[in-house]
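Undergrad: I'd like to ask some things about the structure below.
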Amino acid sequence: MGKDEHKRKSRKPLGQTPKNEQLEARDVEFAEDIADSADLEAQRRSQDAEERARQQQNTRRKF
């Protein structure tokens, strides 16, 4: 066997999810009077993440 026979790519590339099957993150409104503690925690985390993203964008723009 020559050197070239060992260098063959035998692995197939990993499949990618088609664009028409990819899901987008969406904000969903809910009524606070029927929200449970998990809903309120998720809303708080979402607001914290948005604030961190805004701060990072502002930091990047200053330089």
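Undergrad: Within the group 44, 54, 26, 8, which residue is out of contact with any Cys (no Cβ under 9 Å at 6 or more places or on another chain), among the basic types (Lys, Arg), at pLDDT 70 or above and assigned to a loop (DSSP other than H, G, I, E, B)?
TA: Working: 44 fails: assigned to a loop (DSSP other than H, G, I, E, B); 54 fails: assigned to a loop (DSSP other than H, G, I, E, B); 8 fails: at pLDDT 70 or above.
Selected residue: 26, the only one of 44, 54, 26, 8 that is out of contact with any Cys (no Cβ under 9 Å at 6 or more places or on another chain), among the basic types (Lys, Arg), at pLDDT 70 or above and assigned to a loop (DSSP other than H, G, I, E, B).
Undergrad: Identify the residue in the range 29-41 that is modelled with pLDDT of 80 or more and in a loop (DSSP other than H, G, I, E, B) and, among all such residues, is surrounded by the most Cβ atoms within 10 Å (Cβ to Cβ). Can you show your working first?
TA: Residues of the range 29-41 modelled with pLDDT of 80 or more: 31-41.
From what's left, in a loop (DSSP other than H, G, I, E, B): 31, 35-36.
Working: 31: 7, 35: 13, 36: 8.
Going through the qualifying residues, I end up with 35.
The values are calculated or read from the model by the stated rules, or taken from the named source; none is laboratory data. Quick caveat: nothing in here was measured; it's all calculated off a predicted structure. Counting neighbours? That spans all protein chains shown, and the Cβs are built from the backbone with ideal geometry, glycine included.
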